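The values are calculated or read from the model by the stated rules, or taken from the named source; none is laboratory data. Keep in mind it's a predicted model, so treat the numbers as computed, not measured. Here the Cβ is made from the backbone with ideal geometry for all residues, glycine too, and neighbour counts use every protein chain on show.
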Amino acid sequence: MAWQPPSSQQVPLYDDIGGAQRAAPGYGPGPDILRSGLGLYGEKLFGTGRDYVQSNINRYFAGQDIRYYFQVNDQYVMNKLKVILFPFFHRGHWTRIAEQVSGGLIFRPPVFDINAPDLYIPFMAFGTFVVLSGIAFGIFGKFTPEAMSVQFTKGLLGWMANVIIIRLSLYALGNADAAILDIVSYAGYAFVSVSVSILSRIIWSYSYYLVMPWTSLCMAIFLVKTMKRVLFAGVRTYDRDSSKHHYLLLFMAAAQFPLSLWLGYLKNI
């Protein structure tokens, strides 16, 4: 029998079942190992991002229950609207009612305190603002989906701008720990005055130029009294006679006029 060289055994690169690819000898790790490594890395990266988001949420919304801001009834809504639109006639105090519990002091919900902030009225007022804008566009023959989209976006930007104004003012006064949902609530009350102004324009176009300054003035007074008696209570160095505080209060009040004018402006009407 003639001599035959030993045959080299080839290692299959694919399994017989399922066609899973294997790594050839001497060619580094296979795809299974790479997938496992990438999966662990992605899981770690996702966990890091999730922890970062959670830490920021806890930082700005710690101790805040969103349900607190929706504990309202019809009587509260009516009385709150009167305070916003006619702050001159509010003869009561402007401070929030607190009660002692085992963990310390807590503020009573809006249904029991007319001075407590809520998110029900701001959201309803924002929706009313958008609906009345659409009605006004329709009456004057200017209704288009693009116009409604612009008005909706403008409302969100105006709300955000008012939040930033209040937030920066409080930060300048040393109260950086004010509850963000409180600020969102107070800033959103501006849509009550803007909605009334747009409604007056629908009823009689010229009345808008009388109603808008009035509602803006009322909103400015409401905001100043609220900020002075409620939010500024958390400023340790608050001085009632400080010129800085007076200027910031005046700035927040004055900002309501151009903001209301911009939100109430309906293009081409």
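In this structure, does D118 turn out to be without any contact (Cβ under 8 Å) to a residue 40 or more places away in the chain, within 23 Å of R67 (Cβ to Cβ) and out of contact with any strand residue (DSSP E or B) (no Cβ under 6 Å at 6 or more places or on another chain)?
Here the answer is no, as D118 does not meet what is asked.
What number of residues within region 87-110 satisfy the criterion of being buried (at least 16 other Cβ atoms within 10 Å of the Cβ) and hydrophobic (A, V, I, L, M, F, W, C)?
Selection size over region 87-110: 2.
In this structure, does A125 turn out to be of a type in the set (A, V, I, L, M, F, W, C) and part of a loop (DSSP other than H, G, I, E, B)?
no
Report those helices (runs of 4 or more DSSP H) wholly inside region 151-269 carrying at least 3 residues which are modelled with pLDDT under 95 and within 22 Å of N115 (Cα to Cα).
180-188, 208-229, 243-264
Can you find even one residue in region 117-130 that is under 28 Å from H90 (Cβ atoms), β-branched (V, I, T), surrounded by 17 or more Cβ atoms within 10 Å (Cβ to Cβ) and over 18 Å from the mean Cα position of the chain (by Cα)?
no
All but one of (1) within 20 Å of I221 (Cβ to Cβ); (2) not in a helix (DSSP H, G or I); (3) not hydroxyl-bearing (S, T, Y) hold for K80, so report the exception by its number.
For K80, the failing item is (2).
Of the residues R96, R67, only one is part of a loop (DSSP other than H, G, I, E, B) and at pLDDT 60 or above; which?
R96
Please give the number of the condition Y206 fails out of (1) within 16 Å of L81 (Cβ to Cβ); (2) surrounded by fewer than 22 Cβ atoms within 10 Å (Cβ to Cβ).
Tallying (1) within 16 Å of L81 (Cβ to Cβ); (2) surrounded by fewer than 22 Cβ atoms within 10 Å (Cβ to Cβ), Y206 fails exactly one: (1).
Here's a check for you: in region 145-172, which residue that is farther than 18 Å from A254 by Cα and of a type in the set (V, I, T) is surrounded by the fewest Cβ atoms within 10 Å (Cβ to Cβ)?
T153
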